Amino acid sequence: MSPNHIPPVKREDEKKNKMVKNMKRKEMKNENSDNLAAMGIGAMIVFIALILVAAVASAVIIQTAEKLQQNAQSTGDQAQDQMASKVMPLSIVIQTGTSLRMTFELAPGSEAIAPANVAFSVVCAAGTDAGTLNGAAAVSANGGAGDLLPGQIYQVTLTTDTCVTTNQNVNHYLTLAAGNSGFTYEVLSYGADTAAGTVVV
């Protein structure tokens, strides 16, 4: 038997070993591919979840912003309505025992309003006096009859038959309402001197 001769059995064993090794390599490659595919699917699921969360958050933010805008607009309209045609007393003095003389103007930005549409009420321990500013007269140089206008100064007599002005060291409470718009609240402070011309506001 020649020394270089390799028995057929050994060759067959080598072939089998090679086949086994190749199969193991393929299995390892397939396993790695499966792992990579699983990681890719997981990343895709996370990405889709993030997109959904971002969409929901965006919808909530947009809805909240719209609601805040509506609330701000409503608040602004209410503030504008409250300031519209608001009467601002400049001074109030005692005219007689049953009347006051009020000097006033409209707040800046106010709309013109008829004196008869501005109501007043004076509240005291004895009861309430109520009326309108009908009869108000402009005292500024460019004043005239008609509606009350911003930028002009007016005077009007407030009749107080119930809340007489002769009571000493008391407070009466004046409210002015210009239609359905602005409201004004003042405290009429009567001291020891209640003579005509005494300032109470």
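The values are calculated or read from the model by the stated rules, or taken from the named source; none is laboratory data. Nothing here was measured: the structure is a model prediction, and the numbers come from that model. Cβ atoms come from the backbone with ideal geometry, glycine included; neighbour counts cover every protein chain shown.
Laid out as a table, the results:
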{"read-out": "Within region 180-197, tally of residues that are farther than 20 Å from residue 137 by Cβ and either within 29 Å of the chain's Cα centre (by Cα) or crowded, with 16+ Cβ neighbours inside 10 Å (or both)", "value": "9"}
{"read-out": "Count of region 171-201 residues which are touching a Ser or Thr at 6+ places or on another chain (Cβ under 9 Å), within 19 Å of residue 126 (Cα to Cα) and among the hydrophobic types (A, V, I, L, M, F, W, C)", "value": "3"}
{"read-out": "Pick from region 159-200, criterion on the phi > 0 side of the Ramachandran plot and in the same structural domain as residue 120 (by TED's automatic domain parsing), ranking: modelled with the lowest pLDDT", "value": "179"}
{"read-out": "Counted residues, region 104-131 - those being buried (at least 16 other Cβ atoms within 10 Å of the Cβ) and of a type in the set (S, T, N, Q)", "value": "2"}
